[in-house]
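Trainee: Would you mind keeping the following structure in view while I ask a few things?
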Amino acid sequence: MTGVESPVYEPGHGLLKGRTAVITAAAGAGIGGATARRFLEEGARVLVSDAHVRRLKEYEAELSREFPGAVTAVPCDVTDEAQVTALFEAAVREHGRLDVVVNNAGLGGTSDLVDMSDEQWSRVLDVTLNGTFRCTRAALRLLRSQGAGGVIVNNSSVVGWRAQAGQAHYAAAKAGVMALTRCAAIEAAAFGVRVNAVAPSLAMHPHLVKVTSAELLEELTAREAFGRYAEPWEVANVIVFLASGYSSYMTGEIVPVSSQHP
């Protein structure tokens, strides 16, 4: 990490005490994993999900050692409607209810539009946009039937607003997540559910390093006002805020988690 000073990791304050949350793509060291940990630190019971079963089980075991009795894991590929349905059924079976959903599953990649195949385009949109749609729909059906409010937080990206070469499929998907968030929020307000999204700029984690060149990461980091990338838990902090009572009047909002400048 570069920059003048490192961020301070704040302790939990019980902001989500007693709540049950489902977090997708939560295995490993990215935003989803950081969000699961932060939710647990804030007192939530967490159902973590991911399409990568081995990593998911390993992370469940790690979190369970620190937060015994508060973590369960259910594998889920968000492109499969049957698995999405099973995920939310498991949340009710394990915890009796649902309070918060974090739709973190997404897929990136780099390809100029002129070279992009239909399969590349469709795969990114199916995971990132359609997957968020499937999980949001399942969550809203359950939250409406409970009749006690609830919160959905979607993970979008600043590329939904800002052009970046090689990212047409990812940008289109993330812009779609923004539009989905706003429309879902208007509909869900009728039964007391809030729907918001975060839009990170650059949060560093091992998977990003694998799929992005060092040159591009250096260029993107240089655009950030603090001269450094975000830690995944810094994005998770904003997700905690949106999931908590501190954001009780907010719905349909897209919150940038960015220090990026033109």
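Trainee: Evaluate segment 108-126: report whether one residue or more is closer than 19 Å to A184 by Cβ, surrounded by fewer than 22 Cβ atoms within 10 Å (Cβ to Cβ) and of a type outside the set (G, A, S).
Mentor: Looking through segment 108-126, at least one residue is closer than 19 Å to A184 by Cβ, surrounded by fewer than 22 Cβ atoms within 10 Å (Cβ to Cβ) and of a type outside the set (G, A, S).
Trainee: Here is a further query. Check off (1) loosely packed, with under 14 Cβ neighbours inside 10 Å; (2) modelled with pLDDT of 95 or more for G12 and give me the number that stays unchecked.
Mentor: Condition (1) is where G12 drops out.
Trainee: Sort through R38, R19 and tell me the only one that's in contact with a helix residue (DSSP H, G or I) (Cβ under 7 Å, 6 or more places away or on another chain) and more than 17 Å from V78 (Cβ to Cβ).
Mentor: Result: R38 is the single residue among R38, R19 that is in contact with a helix residue (DSSP H, G or I) (Cβ under 7 Å, 6 or more places away or on another chain) and more than 17 Å from V78 (Cβ to Cβ).
Trainee: Hey, does segment 102-119 have a residue that's assigned to a helix (DSSP H, G or I), farther than 20 Å from L16 by Cα and in contact with a strand residue (DSSP E or B) (Cβ under 8 Å, 6 or more places away or on another chain)?
Mentor: Checked against the condition, which is being assigned to a helix (DSSP H, G or I), farther than 20 Å from L16 by Cα and in contact with a strand residue (DSSP E or B) (Cβ under 8 Å, 6 or more places away or on another chain), segment 102-119 yields no hits at all.
Trainee: For V158, only one of the following conditions fails: (1) β-branched (V, I, T); (2) modelled with pLDDT of 95 or more; (3) in contact with a strand residue (DSSP E or B) (Cβ under 8 Å, 6 or more places away or on another chain). What is its number?
Mentor: Exception for V158: condition (2).
For (1) part of a helix (DSSP H, G or I); (2) under 13 Å from the mean Cα position of the chain (by Cα); (3) modelled with pLDDT of 75 or more, each residue gets a yes or a no:
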{"residue": "A222", "(1), (2), (3)": "yes, no, no"}
{"residue": "G227", "(1), (2), (3)": "no, no, no"}
{"residue": "V235", "(1), (2), (3)": "yes, yes, yes"}
{"residue": "V240", "(1), (2), (3)": "yes, yes, yes"}
{"residue": "Y249", "(1), (2), (3)": "no, no, yes"}
{"residue": "V255", "(1), (2), (3)": "no, yes, yes"}
{"residue": "P262", "(1), (2), (3)": "no, no, no"}
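Trainee: Can you confirm whether L87 is of a type in the set (A, V, I, L, M), in contact with a strand residue (DSSP E or B) (Cβ under 6 Å, 6 or more places away or on another chain) and more than 24 Å from V193 (Cβ to Cβ)?
Mentor: Answer is no for this residue.
Trainee: Would you be able to say whether some residue in segment 163-171 is outside any helix (DSSP H, G or I), touching a residue at least 12 places away in the same chain (Cβ under 8 Å) and surrounded by fewer than 19 Cβ atoms within 10 Å (Cβ to Cβ)?
Mentor: yes
Trainee: Quick one: in segment 127-145, which of the residues that are touching a Gly at 6+ places or on another chain (Cβ under 7 Å) and of a type in the set (A, V, I, L, M) is surrounded by the most Cβ atoms within 10 Å (Cβ to Cβ)?
Mentor: That would be L143.
Trainee: Now, a different point. Filter segment 6-63 down to the residues that are in contact with a strand residue (DSSP E or B) (Cβ under 8 Å, 6 or more places away or on another chain), assigned to a helix (DSSP H, G or I), among the aliphatic types (A, V, I, L, M) and free of Cβ contacts under 8 Å to residues at least 40 places away in the same chain and list them by number.
Mentor: A36, L40, V53, L56, L63
Trainee: Kindly provide the set of residues from segment 81-101 that are in a loop (DSSP other than H, G, I, E, B) and surrounded by 15 or more Cβ atoms within 10 Å (Cβ to Cβ), ordered by number.
Mentor: L98, D99
Trainee: May I pose another question? Cβ-Cβ below 6 Å, separation at least six or inter-chain, first residue in segment 103-121 and within 30 Å of L242 (Cα to Cα), second in a strand (DSSP E or B): which pairs?
Mentor: Close Cβ pairs satisfying both conditions: N103/N154; N104/N155.
The values are calculated or read from the model by the stated rules, or taken from the named source; none is laboratory data. For clarity, every value in this text was computed on a predicted model and none was experimentally measured. Note that each Cβ is placed from the backbone with ideal geometry, even for glycine, and that neighbours are counted across all protein chains shown.
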